[in-house]
1. For the range 322-328, just list the computed ³J(HN,Hα) in residue order, Karplus coefficients 6.51, -1.76 and 1.60, θ = phi - 60°, integers in Hz, with x standing in for Gly and Pro.
2. Looking at this model, which pairs from K404/K474; K247/K323; K413/K478; K404/K478; K341/K474; K341/K404 are more than 26 angstrom apart at the alpha-carbon?
3. Could the peptides 464-476, 398-410, 299-311 be put in order, highest first, of the mean number of other beta-carbon atoms found within 10 Å of their residues?
4. Round to a whole number: what % of the accessible area of the range 312-389 belongs to carbon and sulfur, probe 1.4 Å?
5. Extension gain K474-A203, at 0.36 nm per residue separation less the Cα-Cα distance, in nm?
6. For the range 18-135, what does the equivalent ellipsoid look like in terms of its semi-axes, each the square root of 5 times an eigenvalue of the Cα gyration tensor, given largest first in whole Å?
7. Could you give the length gained on full extension between K247 and E296, defined as 0.36 nm per residue of separation minus the Cα-Cα distance, in nm?
8. Can you list residues from other chains, or at least 5 along the same chain, whose modelled amide H is less than 5 Å from the amide H of L28?
Amino acid sequence: MSSTGGSVAAKPGIAKQVKAAAMTPQFLTWTALAFMTVSSVASLRAAPTMAVYGLAGVFLYIVPAIIFLLPTSLVSAELASGYEGGVYNWVTRGISAPLGFLAVWCQFAMTIFYYPSLLSFVASTFAYVINPEWANSGLYVAVMIIGIYWLGVLISARGMKGLAGLASSGLLVGTLIPGAALVILGIVYLLQGNPSAAPMDAAHILPPWAGIASLVLIVNNFLSYSGMEMNAVHVSDLREPGKEFPKAMFLAMGLVLVIFVLPALAISWVVPVGTMSLTAGLMQAFQAFFAQFGIEFLTPILALMIISASLAGMLTWLAGPSKGLILIGRQEGYLPPYLQKLNKEGIQQNILVAQGIVTTIIALLYAFVPNVSSVYWIFSVMTTQVYLIMYLLMFVAAIQLRRKDPDHPRGYKAPALVFLCIVGFAASAAALLVGFVPPSQFGGGNPWTYVGIVAGGVLLIGLLIPFLFYRLRKPSWKTEEGPSAPAPAGTGD
């Protein structure tokens with residue numbers, strides 16, 4: 001050991017090399033950024049939703065990728081490379097401080113609807129480990145949502161380290177492996193001469209047109225592609241952002257489409273539309289394939305693998321959006337003191353508890369509404385609607401910042417930014433409006449009841465509550481000085 005230490009000391013050239021290496025900027029490769037994006041966006045949870053459309057699901061995935069995913073990625077990259085502080089700072093500087101607060105609130109508020117829909121998927125999947133019939137039991141789903149959420153709060157409140165690493169392992173164990181297995185099983189199933197449950201001919205490439213309601217399910221795909229503004233903060237870590245970021249985004253978009261499209265098709269091959277559950281459709285497909293090949297014992301194993309990805313994502317998301325909200329709340333005095341308090345681990349426990357109370361109330365709806373798939377869809381739509389408000393503000397802010405502050409240094413400048421913003425804004429606005437139309441798969445009910453539930457949820461949690469926080473704020477609520485406090489970076493940072 002001593003000889004080693006003497007060797008380094010005797011050779012100052014090595015010390016200089018080590019010091020120089022430490023000072024050399026460490027760049028992120030564009031392929032690494034592409035895989036980070038895939039990890040944060042790709043999921044099997046939405047596959048049953050598009051499997052309802054069979055071959056037309058491919059079209060319904062590609063359209064939002066072009067008109068929403070691409071504009072969102074490129075526009076948020078320019079904003080992140082020029083302005084720190086995440087969406088709050090972007091919208092505040094581009095439009096106004098109140099709308100900046102609304103934007104960061106929507107990043108947080110979407111999780112209020114997101115967790116019930118995510119955990120209903122977890123509950124239905126776990127049912128295939130114990131009793132598949134429970135997957136359609138509203139009471140079972142409600143109990144599971146409430147129990148898992150509060151367990152997640154307890155874990156997050158302890159400030160456990162390494163939770164972020166669960167996301168990458170969850171991508172492999174709970175998304176890539178089950179997704180590949182599902183596609184391989186589906187191909188073998190068809191090669192054996194079994195007929196597809198959904199037509200796979202050219203006449204079914206486009207979704208059947210039965211009025212605007214027949215296209216409503218496309219709205220769910222906007223949520224599937226959301227969150228790109230989180231990865232945009234890494235644009236400055238690339239060696240040549242102008243060239244490498246678009247390459248990373250196009251590669252990520254291709255990989256995400258593969259992960260989304262192929263499993264959805266595989267489900268449609270084996271599960272008839274009339275019996276497909278939006279929460280348990282993935283496990284319905286695995287159960288059917290495993291039964292076909294005589295390996296039913298693998299069903300609970302695959303269920304646990306898929307659950308691991310969802311729970312890992314939940315834990316890494318649980319404190320993220322609320323962290324950004326509390327930083328702004330403390331700096332600007334937008335939140336009452338009770339919601340600003342941190343526990344001894346520095347975690348915003350009171351916000352998580354308040355969110356949990358609302359989540360519990362929402363979860364109880366599963367116990368009283370007979371159709372679990374309908375409740376799941378409604379919460380998915382509300383999640384998307386609230387998140388889309390943030391994107392509308394982001395696109396407007398991007399145009400304003402380019403117009404008002406054209407010489408501000410930016411590590412990356414999006415090509416045709418105004419055009420991208422117009423396309424993204426129009427797509428987001430159209431998706432928001434279409435989300436209020438009951439989908440064709442849920443006919444028979446009163447459409448005005450559906451509209452009332454969705455509109456009421458979005459207006460209450462997405463607009464009314466932040467408006468009241470802003471109007472009722474007091475100078476004494478400001479507990480941190482803005483310049484000295486760390487700025488939030490995106491949804492999950």
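The values are calculated or read from the model by the stated rules, or taken from the named source; none is laboratory data. Everything quoted here is computed from the prediction, not taken from an experiment. In this analysis, Cβ positions are derived from the backbone assuming ideal geometry, glycine residues included, and neighbour counts consider all displayed protein chains. In case anyone asks, the SASA skips ligands and DNA or RNA and just uses the protein heavy atoms, side chains included. Shrake-Rupley method; radii C 1.70, N 1.55, O 1.52, S 1.80 Å.
1. In residue order, the calculated couplings are 5, 5, x, 5, 6, 4, 5 Hz.
2. On the way: K404/K474 31 Å; K247/K323 31 Å; K413/K478 35 Å; K404/K478 29 Å; K341/K474 16 Å; K341/K404 37 Å.
With Cα atoms farther than 26 Å apart: K404/K474; K247/K323; K413/K478; K404/K478; K341/K404.
3. Output ranking for 464-476, 398-410, 299-311: 299-311, 398-410, 464-476.
4. About 66 percent, which is the carbon plus sulfur part of the accessible surface.
5. Values: separation 271, 0.36 × 271 = 97.56 nm, distance 6.11 nm.
That works out to 91.4 nm of additional length.
6. Over the Cα atoms of the range 18-135, the semi-axes work out to 34, 22, 18 Å.
7. 13.5 nm
8. Those qualifying (amide H under 5 Å, at least 5 residues apart or on another chain) are L238, R239.
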